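Undergrad: Mind having a look at this structure? Questions to follow.
The values are calculated or read from the model by the stated rules, or taken from the named source; none is laboratory data. Bear in mind that the values here come from a model prediction, so they are computed numbers and not experimental data. Positions of Cβ are generated from backbone atoms using ideal geometry, with glycine treated the same way; all protein chains shown enter the neighbour counts.
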């Protein structure tokens with residue numbers, strides 16, 4: 001059994017496998033660490049290409065595209081390791097990238113997951129959207145990061161070179177303790193893709209674990225490799241899954257009021273898309289809310305299955321502000337700006 005399994009979930013990602021898989025294998029695989037390619041029903045020949053060109057990469061083949069969430073669930077059930085590392089196919093790694101995260105997990109048994117610094121492959125001095133220097137959410141469930149507020153990413157000048165506890169670790173590159181993954185049930189397959197890692201990290205913390213950011217290592221992420229950032233389907237998943245996230249995990253004493261306010265904010269977003277002529281994105285927000293309403297009974301079962309002991313506990317890593325208001329009205333574009341404002345109040 002390897003100590004660590006680095007698992008790349010692939011769906012029609014041949015282009016990125018040709019760009020990055022060789023470096024991942026060269027800078028990762030050893031007697032304690034295996035690299036896996038879990039193919040999620042690709043039809044672009046990527047599975048066959050890896051089988052022919054990378055004999056040191058272990059292969060798992062899934063019969064169809066199960067999405068990011070269930071794809072990883074099914075793949076990891078077939079792997080026996082102490083630590084899992086979930087790695088996107090569109091990420092460049094360099095020598096020594098993995099060891100700081102695994103060492104941190106070994107030294108801190110109360111940490112369920114951690115991530116490295118996520119920088120942009122196309123602009124390497126800047127943080128990348130999906131994870132940056134560690135993720136958080138505001139009181140309405142909107143995700144943001146140290147180094148990325150909404151669509152604004154910061155230049156990396158060392159301002160986030162401190163190890164920190166975070167609310168969520170990005171699924172683009174996440175080192176996970178297998179024991180915690182199994183205890184908390186892995187990803188929720190209902191999410192399909194997007195925000196499933198936030199949901200899991202919330203459950204990690206409700207189970208008593210921490211989630212951490214490890215600045216001693218970094219990777220370079222292309223981003224938008226499977227779905228482009230302006231995809232209406234991605235818009236649909238983000239809005240729908242954010243509602244799923246809140247309904248499953250919010251403390252009971254603020255659930256209804258928060259969902260009501262969030263629906264108003266989503267209505268404003270839909271109008272904004274409409275004014276910009278993005279009709280498909282407007283429709284995506286509407287469809288997201290319809291899907292949430294239709295799935296409410298299943299979500300209620302999942303919520304009830306979670307530990308009721310945390311129902312009124314406030315998570316200290318949830319920002320008690322609206323990130324939308326801070327960004328668009330107050331003009332705050334950086335995480336340090338948010339914290340300074342919070343400290344001054």
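Undergrad: Taking the criterion of being over 30 Å from residue 305 (Cβ atoms) and either surrounded by 19 or more Cβ atoms within 10 Å (Cβ to Cβ) or outside the structural domain of residue 297 (by TED's automatic domain parsing) (or both), would at least one residue in the range 259-268 satisfy it? It would help to see each step written out before you state the result.
TA: First, pick out the residues of the range 259-268 that are over 30 Å from residue 305 (Cβ atoms): 267-268.
Checking which are either surrounded by 19 or more Cβ atoms within 10 Å (Cβ to Cβ) or outside the structural domain of residue 297 (by TED's automatic domain parsing) (or both) leaves us with none.
No, the range 259-268 has no match at all.
Undergrad: Being surrounded by 18 or more Cβ atoms within 10 Å (Cβ to Cβ), within 25 Å of residue 235 (Cβ to Cβ) and in contact with a helix residue (DSSP H, G or I) (Cβ under 7 Å, 6 or more places away or on another chain) is true for just one of 171, 134. Which residue is that? Before the answer, list the steps.
TA: Values: 134 fails: in contact with a helix residue (DSSP H, G or I) (Cβ under 7 Å, 6 or more places away or on another chain).
Among 171, 134, only 171 is surrounded by 18 or more Cβ atoms within 10 Å (Cβ to Cβ), within 25 Å of residue 235 (Cβ to Cβ) and in contact with a helix residue (DSSP H, G or I) (Cβ under 7 Å, 6 or more places away or on another chain).
Undergrad: (1) outside any helix (DSSP H, G or I); (2) in the same structural domain as residue 20 (by TED's automatic domain parsing); (3) farther than 24 Å from residue 132 by Cβ: which one isn't true of residue 190, the others all being true?
TA: (1)
Undergrad: Is it fair to say residue 49 is touching a residue at least 24 places away in the same chain (Cβ under 8 Å), in contact with a helix residue (DSSP H, G or I) (Cβ under 8 Å, 6 or more places away or on another chain) and more than 25 Å from residue 190 (Cα to Cα)? Step through it out loud before you land on a result.
TA: On the way: touching a residue at least 24 places away in the same chain (Cβ under 8 Å): yes; in contact with a helix residue (DSSP H, G or I) (Cβ under 8 Å, 6 or more places away or on another chain): yes; more than 25 Å from residue 190 (Cα to Cα): yes.
Answer is yes for this residue.
Undergrad: While we're looking at this one, here's another question. Residue check, residue 99 against (1) more than 15 Å from residue 218 (Cα to Cα); (2) over 16 Å from the mean Cα position of the chain (by Cα); (3) touching a residue at least 24 places away in the same chain (Cβ under 8 Å), all met but one. Which one?
TA: It fails just one condition, (1).
Undergrad: Now for a separate question. Of everything in the range 1-36, what is over 22 Å from residue 66 (Cβ atoms) and in a loop (DSSP other than H, G, I, E, B)? Give them in sequence order.
TA: Listed by number, the residues that qualify are 1, 2, 3, 27, 28, 29, 31, 32.
Undergrad: Right, residue 212: surrounded by 18 or more Cβ atoms within 10 Å (Cβ to Cβ) and closer than 27 Å to residue 164 by Cβ or not?
TA: yes
Undergrad: Related question: Given the residues 43, 23, which is the only one that is touching a residue at least 40 places away in the same chain (Cβ under 8 Å), surrounded by fewer than 17 Cβ atoms within 10 Å (Cβ to Cβ), in the same structural domain as residue 100 (by TED's automatic domain parsing) and at negative phi? Even if it seems obvious, please write down each step before you answer.
TA: On the way: 43 fails: touching a residue at least 40 places away in the same chain (Cβ under 8 Å).
After applying the criteria, what remains is 23.
Undergrad: Taking the stated definitions as given, is residue 89 part of a loop (DSSP other than H, G, I, E, B) and touching a helix residue (DSSP H, G or I) at 6+ places or on another chain (Cβ under 6 Å)? Walk me through it before giving the result.
TA: Numbers: part of a loop (DSSP other than H, G, I, E, B): yes; touching a helix residue (DSSP H, G or I) at 6+ places or on another chain (Cβ under 6 Å): yes.
So residue 89 fits the description; yes.
Undergrad: Can you name the condition, by its number, that residue 73 falls short on among (1) under 22 Å from the mean Cα position of the chain (by Cα); (2) in contact (Cβ under 8 Å) with a residue 40 or more places away in the chain; (3) surrounded by fewer than 23 Cβ atoms within 10 Å (Cβ to Cβ); (4) part of a loop (DSSP other than H, G, I, E, B)?
TA: (4)
Condition check ((1) at negative phi; (2) touching a strand residue (DSSP E or B) at 6+ places or on another chain (Cβ under 8 Å); (3) at pLDDT 95 or above; (4) assigned to a loop (DSSP other than H, G, I, E, B)) across all residues:
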| position | (1), (2), (3), (4) |
| --- | --- |
| 181 | yes, yes, yes, no |
| 213 | yes, yes, yes, no |
| 229 | yes, no, no, yes |
| 241 | yes, no, yes, no |
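Undergrad: While we're looking at this one, here's another question. Just wondering, is there one or more residues in the range 160-168 that are surrounded by 24 or more Cβ atoms within 10 Å (Cβ to Cβ) and within 23 Å of residue 328 (Cβ to Cβ)?
TA: Yes, the conditions are met somewhere in the range 160-168.
Undergrad: Still on this structure, please answer the following. Given the structure, is residue 330 within 24 Å of residue 132 (Cα to Cα) and at pLDDT below 90? It would help to see each step written out before you state the result.
TA: Values: within 24 Å of residue 132 (Cα to Cα): yes; at pLDDT below 90: no.
No: the conditions fail for residue 330.
Undergrad: Can you confirm whether the range 28-38 contains a residue that is more than 19 Å from residue 105 (Cβ to Cβ), assigned by TED's automatic domain parsing to the domain that holds residue 108 and within 22 Å of the chain's Cα centre (by Cα)?
TA: Scanning the range 28-38, I find at least one residue that is more than 19 Å from residue 105 (Cβ to Cβ), assigned by TED's automatic domain parsing to the domain that holds residue 108 and within 22 Å of the chain's Cα centre (by Cα), so the answer is yes.
Undergrad: Residues that are under 23 Å from the mean Cα position of the chain (by Cα), at negative phi, assigned to a helix (DSSP H, G or I) and not assigned by TED's automatic domain parsing to the domain that holds residue 195: does the range 275-282 have at least one? Even if it seems obvious, please write down each step before you answer.
TA: If we filter the range 275-282 for residues that are under 23 Å from the mean Cα position of the chain (by Cα), which is where we start, we get 281.
Applying the additional criterion that residues be at negative phi yields 281.
Among the residues that remain, those that are also assigned to a helix (DSSP H, G or I) are: 281.
The next check asks that each one be not assigned by TED's automatic domain parsing to the domain that holds residue 195; those that pass are 281.
Looking through the range 275-282, at least one residue is under 23 Å from the mean Cα position of the chain (by Cα), at negative phi, assigned to a helix (DSSP H, G or I) and not assigned by TED's automatic domain parsing to the domain that holds residue 195.
Undergrad: Continuing with the same structure: I want to confirm something. Restricting to the range 148-159 and keeping residues that are in contact (Cβ under 8 Å) with a residue 12 or more places away in the chain and part of a loop (DSSP other than H, G, I, E, B), which single residue is surrounded by the fewest Cβ atoms within 10 Å (Cβ to Cβ)? Can you show your working first?
TA: If we filter the range 148-159 for residues that are in contact (Cβ under 8 Å) with a residue 12 or more places away in the chain, which is where we start, we get 148-156, 159.
Restricting the remaining residues to those that are part of a loop (DSSP other than H, G, I, E, B) gives 150-151, 154, 156, 159.
Numbers: 150: 16, 151: 8, 154: 21, 156: 22, 159: 14.
Of everything passing the filter in the range 148-159, 151 is surrounded by the fewest Cβ atoms within 10 Å (Cβ to Cβ).
Undergrad: Does residue 93 satisfy the criteria of being touching a residue at least 40 places away in the same chain (Cβ under 8 Å), under 26 Å from residue 121 (Cα atoms) and in the same structural domain as residue 14 (by TED's automatic domain parsing)?
TA: Working: touching a residue at least 40 places away in the same chain (Cβ under 8 Å): yes; under 26 Å from residue 121 (Cα atoms): yes; in the same structural domain as residue 14 (by TED's automatic domain parsing): yes.
Answer is yes for this residue.
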